[in-house]
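Take a look at the structure set out below.
Read-outs throughout are calculated quantities, based only on the coordinates presented, and are distinct from any laboratory measurement. Treat the numbers as computed from the prediction; the structure is a model and nothing was measured. Glycine gets a Cβ as well: all are built from the backbone with ideal geometry, and neighbour counts include every protein chain shown.
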Amino acid sequence: MLFTILIGLITSCLLIPLGKYFRSPVSVALALLPVILFGYFVYHIPQVSSGETLYESTKWVPSLGINFDFRLDGLSLLFSLLITGIGSLIFVYASSYLKGHPYLDRFYGYLCLFMSAMLGVVLSDNILLLFIFWELTSISSFFLIGFNNDSAVSRKSALTALSMTGLGGFLLLAGMVLIGEMAGTYSIGELINASGVITEHPLYPLVLGLVLMGAFTKSAQFPFHFWLPGAMKAPTPVSAYLHSATMVKAGIFLMARFTPILGGTPLWSYTLLIVGGVTMLYAAVHSLFRTDLKGVLAYSTIAVLGVLTFLIGLGTEEAFIAAGTFIIAHALYKASLFLVTGVIDYQTGTRDITRLGGLRKVLFPVFVAGTLAALSSAGLPFSFGFIGKDLIYEATLTAGDPLRILLTVVAVIANICLVAAGFMAGIKPFAGALPTQFADVKMPSALVWIPPLILGLSGFALGCFPDLAGQYIVAPTVSALTVEPVEFTLKIWHGFNTVLLLSGITIIAGTVVYLFNKPAVSKIAFVERFNSYTPHYFFQKSWITFRRFSVWYTGFMHNGFLRSYLIKIIIFAEILLIYELVKGGPIYIDYGKLIPVSVHEGINVLILLGAIYLTVTTTSRLTAVVGTSIIGYAICLMFVFYSAPDLAITQFTIDTLTVVLFVFVLFNLPSFLVVAHGNRSIVIRDALVAGLFGILLSLTAIKVLQVPTVKDISEFYGKFAYSLAKGKNVVNIVLVDFRGFDTMFEIVVLSISAIGVYSLIKLRLKTSEKD
Amino acid sequence: MKSPILQSASRYLLPILLLFSVFLLLRGHYYPGGGFVGGLVAAIAFVLHSFAFGTAESMKMLKYKPSAIIPVGLIVAAIAMFLPVLFGLPVMTGLWIEEPIPVVGMIGSALLFDIGVYLVVIGVVLTILFTISLETH
Amino acid sequence: MELLLVFLIGALYASGVYLILRRSMVRLLLGIILLGNGTNILIFLLGTITKGKPPVMAANLEVFEDIYADPIPQALILTAIVISFGLTSFAIVLLKRVYALLGTDDLDTLNTPQEEDI
């Protein structure tokens, strides 16, 4: 299974150097990739449907428990088939839809990357691995939404989508790590067995919240749904593939995957029911107010995602069957509707429902595809959508008693709106009279109308033989959710019962809504009046606030003044030191251990202090340099007093050379550089900060004196200086023998500084020559 | 700063200081001194000369550019470092000639290493100072 | 004596910090030198200072018979002094360079870099 993921990633990488050969219609050959993968997964259908789960493992980071562990069970298979199957059609479609686009190769690169990532999500048997692929889908989605990167709206939508899904991913990771800590494993198979440990853990609500936030943001559940309509800025094949058929269902997949691990509790059920219910009602109603075809489809997709969340929350076997079936049905008809929309947009140059009409006369095959999809979406008999809708009603009707009626009513209302939305997108542009401006619309290449037609027809094929999907794909999916074998048959005809009645009501009411709901700009204006209450508005507000804060913070921390940086660093260091000193216990001085002060030492220190004072206060550069050199010589004397002859000589020579250096450079600078000392308050502030730093360092030094010094290494050097290194000056032996490596590097560093000085002076920049 | 007193003084001081620096270098293993100190003293000797006669004159006297001494020193130190490898010993192992030599004492790879340090220090200090000095005058 | 050194360390650090917070580049450089000196003495102090016992063996001995000053801080400081010369010289040349380009040693003129100033 690893190869199914790698092959896409490798293709994606290969497209970087070889991309130029795929900007032409040859790019359709890339569709072979998803087709082969589709074949691979179809080949595994019999095995998986007989109840087997295939595993595969390749070591990656064993120490962290992250390996390439993959599993292929019913749930993975369902999604893998969707990803590769619809992917194949999208690859074909895009080669014609984006024909001649200068970045077509890049588009395919992103698409391959996305397909691999998505397969990784559904095949992972390790939740951390799943997370990695999960993020990769967000990133590839970001690139695809922002594919038209010269449009500001595109870029903004891409960022919104990335920040929403990225936020969710971040929380998801936290949730997953918590799960791993609780159960002691990251493997999905083992987590299912440890489900009890997690659901009874006191942190369970937190884990649930984090994981669901990940799923909700990805699957555009209310109140995080707003990124999805924005994501429709992506080229239409992307909308069809990512933002309808596959990626947004990753959240649904995640919830399904975690059903046997986190599910089965009232908290889980009620959260999903409420969020799913609100989402589907909100989005279904909203979809009726759109005039942009893609807007209609986006909102109806959100509504469907709500339905799926709702079904998983219901948690009964019927609900799972309904969810599994509905995922397939929806993927087929919604992708088809998107592709049809794409063709219309491409050929007529508009997606405005109020302007479109009568296109059946010029785009007949597209009309057929659209109608088939719309009918399946409406749930007419002999379409797969019909089976799906029936199963949804069956699931709500068999749910627990207190909620039964409410859930059914919610489902019916949402479905009515969905029927109307489906008709608006699939039939409306083709119905009625053909406006004259579209009279000369040309038929597009077969490559763009065959994929939606295939999707529409397969919807009806499965509608006629529902058990084909039911037995081979839905049943293993459901058993992956319930963790036990499931037996059922999907039938076209259930006899006359409540479900059929509800289906009838839905279709009729939906048609009525469609006929009487005339999408119009005025309605959008009506909806927009409530904009300041929508989650999107709050998101934008907080976004703006955050950006203002960032600007302020950057201006404060990163203002370009070296002093300002330094003072912040120093104050921070002071706070740390104070904390350590306060925490570290009392400070005392052991007077008995101190060496008495002799007169010449005292005088030397006084000279030092005087020189320091001179250096700091003087306004003359020459005096300051003299002060510094006095400090150096006085320190040199101190080394003499305290048994460090080598240091004394070195300090003396270096100090001399430094003075020479200053003399060479500074005396050639024209006249004295008077730099304002700044105003008084700044001087006082700096003096306080500096003084505090000095005091803290002194205290630290006293503190260190309290601790007895460890002399093991020094004694070792002393003991073996002669026997090992044949020398008697231990300092020199440390430098050239015991720690010779350090010295070697030191002389290398010195050489580098010499090269630096040399090149800085010899280097001739154009501007300085001009000067 | 071309005073005759300084010039004639430095004419004699230069060899004396250089001799002193070599002395510091060689005895570094037994008494205070060593490559760093020796190199710095030698550098000061040349700087004094350049003060008296001008940097260009000092450069002429040196024949080679001071920057050329740096790689020589690095190579010498590196040889001292890797010499033990030829004898199958780990890098930086001290190698010693059996018999002590008068004045200098024991001779070994550590001394060679110190000579490398000495050369690098002279090279670095003179490169820095002479480059700056030539630039400003 | 240690207390005097402790006080000295404090004074060196305080003056170093004060100087690096000035606008003048020369003062910044002097501040860095003072900070380096302060650090050297701090390291020296940590190795417990000893009077009149350099870590050099008498000519007739092969091991120390008496206590002697800690050689490790001395080796460290020796390295630090030499390296600080490299740092100082590089910084001085940098300063000179900036002065040649901008005609000032005011650090605040550097905070709006322009292409041609580099």
FRET efficiency for A:Leu32 and A:Leu500 from the Cβ-Cβ distance with R0 = 41 Å, rounded to 0.05, comes out at 0.40
In degrees, nearest 10, the alpha-carbon axis of helix C:71-102 is tilted away from the dominant principal axis of the alpha carbons of chain C by 10 degrees
For B:Lys65, the lysines lying under 25 Å Cα to Cα, once residues fewer than eight places off in the same chain are dropped, come out as A:Lys762, B:Lys2, C:Lys96
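Determine, for each peptide in A:290-300, A:312-322, the mean count of other beta carbons within 10 angstrom over its residues, then list the peptides with the highest first. Present the calculation step by step, with values, prior to reporting the outcome.
Values: A:290-300: 25.2, A:312-322: 23.4.
Most protected by this proxy first, the peptides run A:290-300, A:312-322.
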Expressed as a whole number, the average count of other chain Cβ atoms within 10 Å around the Cβ atoms of A:714-726 is 5
Looking only at aspartates and glutamates whose Cα falls under 15 Å of A:Lys703's and that sit 8 or more positions away or on another chain, we get A:Glu580, A:Asp590, C:Glu2
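For the peptides A:219-232, A:438-451, what is the packing order when you average, over each peptide's residues, the other Cβ atoms within 10 Å and list the highest mean first?
Descending packing order for the listed peptides: A:219-232, A:438-451.
Using a 10 Å cut-off on Cβ to Cβ distances, tally the other chain neighbours for every residue of B:45-56 and report the average as a whole number.
On the way: counts 0, 0, 5, 2, 0, 1, 2, 0, 0, 0, 1, 0.
Whole-number average of other-chain Cβ neighbours for B:45-56 is 1.
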Net charge (Lys, Arg +1; Asp, Glu -1) of residues whose beta-carbon lies under 11 Å from that of A:Asn126, A:Asn126 excluded, is -2
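Going down the table (A:Lys218/A:Lys491; A:Lys294/A:Lys428; A:Lys593/A:Lys726), which pairs top 23 Å between alpha carbons?
Values: A:Lys218/A:Lys491 33 Å; A:Lys294/A:Lys428 13 Å; A:Lys593/A:Lys726 34 Å.
The answer is A:Lys218/A:Lys491; A:Lys593/A:Lys726.
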If one compares the long axis through the Cα atoms of helix B:66-86 with the longest principal axis of the Cα atoms of chain B, the angle in degrees, nearest 10, works out at 0 degrees
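Nearest 500 deg cm²/dmol is fine: what mean residue ellipticity at 222 nm does the protein assembly as shown get from its DSSP H runs of n ≥ 4 alone, each adding -39,500 (n - 2.57), divided by its residue count? Walk me through the intermediate numbers first.
On the way: 42 runs with 721 residues, N = 1026.
One gets -23500 deg cm²/dmol as the mean residue ellipticity at 222 nm.
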Between A:Asp352 and A:Ser63, the two model label points (7 Å from Cα along the beta-carbon direction) sit apart by a distance in nm of 6.2 nm
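Shielding by partners for B:80-89, please: the mean number of other protein chain Cβ atoms within 10 Å of each residue's Cβ. Display every interim value, and only then the final one.
Working: counts 3, 4, 0, 0, 0, 0, 0, 0, 0, 0.
Mean number of neighbouring Cβ atoms from other chains: 1.
Based on the mean of other Cβ atoms within 10 Å per residue, sort peptides A:330-340, A:417-427 so the most packed one is first. Walk me through the numbers on the way to the answer.
Numbers: A:330-340: 30.7, A:417-427: 27.2.
The peptides rank, most packed first, as A:330-340, A:417-427.
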In terms of the alpha carbon gyration tensor, root eigenvalues a ≥ b ≥ c, rounded if a/c is under 1.5 and otherwise prolate when a/b exceeds b/c or oblate, the range B:4-136 is oblate
